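Notes for the one structure printed next.
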Amino acid sequence: TVSDPSGASVPDATVTLTNLGTNASQTTTTGSDGSYRFSLVPPGTYVVEVKAANFARFRATGIVVQASQTVPLPIKLQLAGGTETIEVTEQVPLVQTATSDLATQIDRTTILNAAIADRDVFSSLPYTAPSVSPGMDMTPTSGGAREAGTAYLLNGADDNDNFSAGAINIRPPLESVQDFTIKTNQMSAEYGRGMGAVVTANQV
């Protein structure tokens with residue numbers, strides 16, 4: 001949410017999210033309660049800028065977004081005056097508090113240096129999560145679910161073969177994967193079929 005120095009909501013503020021790696025940006029405006037949200041944000045490092053009438057411009061840098069992660073960023077604006085821009089450098093939190101998701105996240109450097117003989121991230125990396133084990137057909141399972149209970153996402157889209165339990169439609173080349181996430185607890189309804197684990201790969 002975006003608020004003023006007293007804590008009151010600031011509606012109709014313009015919020016811009018810019019990816020430092022690609023320079024791609026998205027813009028939205030705050031609602032009547034000062035809330036804002038960006039959906040389907042690719043992993044990366046971002047800058048958030050906020051503009052509102054009668055307030056100094058706000059700029060937050062170094063905001064890291066990882067796969068399947070919700071990043072809350074409450075913003076408090078200052079009244080316009082001597083300072084034209086308020087700049088904040090975001091620190092990466094030690095604990096993710098926005099959701100109750102239990103997830104294992106793997107960055108690109110780790111993926112590229114991993115000893116994966118078949119170069120298949122979907123067949124090997126899920127086992128880095130503590131509660132994932134091989135199912136009857138040696139595909140990853142979690143939480144006592146069968147192989148069909150593992151959901152696979154590629155760049156946010158369903159990557160499951162609906163005609164074969166536990167099978168995958170597209171297996172991306174290891175070198176193309178930006179980051180990888182394995183969720184192993186009770187996921188929200190947005191993941192639909194994921195009863196045991198939700199495995200997500202995002203490409204560069």
Selection of trypsin sites (Lys or Arg not before Pro), segment 29-68, meeting DSSP coil and at most 14 other Cβ within 10 Å: R37
Candidates Q69, Q178, Q26, ranked by Gaussian network fluctuation over the chain, Cα under 10 Å, top entry: Q26
DSSP beta bridges in segment 103-203 [antiparallel fraction, %, rounded to 5]: 75 percent
Cβ crowding within 10 Å averaged over residues, with 143-150, 4-11 ranked highest first: 143-150, 4-11
14 Å beta-carbon shell around L174, net charge (K/R +1, D/E -1): -2
Stokes-Einstein D (µm²/s) once Rh is taken as the Kirkwood radius of the chain over alpha-carbon pairs, at 10 °C in 1.306 mPa s: 85 µm²/s
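Bear in mind these aren't lab numbers, they're just calculated from the coordinates by the rules spelled out. Quantities reported herein were computed from a predicted structural model and do not represent experimental measurements. Because the Cβ atoms are built from the backbone with ideal geometry, glycine has one as well, and the counts that use them run over all protein chains shown.
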